Amino acid sequence: MFLSDFGNPGIDRPKNGKRSMREPESVTVNIFGQEYTLKGDADSDYVQKVAQFVDERMNEVARNSSVASTAKVAILAAVNIADELFREQQKRLESAVTIDDRSEQLMRLLSAEVGTDSTDSKPEDGSDASSAGEG
């Protein structure tokens, strides 16, 4: 997570919600012609790449629309980035379901081929395990 110089500087909350013991690193970036100082525990090269990505998206929106307001360009860029994120998450979810389905298919095929279906398992001596201890 990044915090800007106009947010709550010095407070860095990792995913677990607890304060980081390490002092957040400040990185100055340029997005859409404006300089921002971002604080966080991410590597400065990573922060620069993220900022460059946002800058490229905002410039793309500005080139392809008649929107003049920086705020509106930022919102449209954010919506486009969120759309990409949601689409990628959906693809990942669908891939996981496909992998699960294929795994189950393979397990059934292997079980049928090897003959180790758990419903047919009997002790090697041929006795019926369910009647053991009776009578």
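The values are calculated or read from the model by the stated rules, or taken from the named source; none is laboratory data. Treat the numbers as computed from the prediction; the structure is a model and nothing was measured. Ideal geometry is used to build each Cβ from the backbone, glycine not excepted, and the neighbour counts take in all protein chains shown.
All conditions in (1) part of a strand (DSSP E or B); (2) in contact with a Leu (Cβ under 9 Å, 6 or more places away or on another chain); (3) modelled with pLDDT of 95 or more hold for K39, with the sole exception of (3).
The conditions of being over 18 Å from N80 (Cβ atoms), at pLDDT 95 or above and in contact with a Leu (Cβ under 8 Å, 6 or more places away or on another chain) are not met by V61. Do we find a residue being on the phi < 0 side of the Ramachandran plot, at pLDDT below 95 and in contact with a helix residue (DSSP H, G or I) (Cβ under 6 Å, 6 or more places away or on another chain) anywhere in the stretch 80-98? No: zero hits.
Taking every residue in the stretch 100-111 that is assigned to a helix (DSSP H, G or I) and pairing it with any residue that is not hydroxyl-bearing (S, T, Y), at least 6 positions away or on another chain, the pairs with Cβ-Cβ distances below 6 Å are S111/D117.
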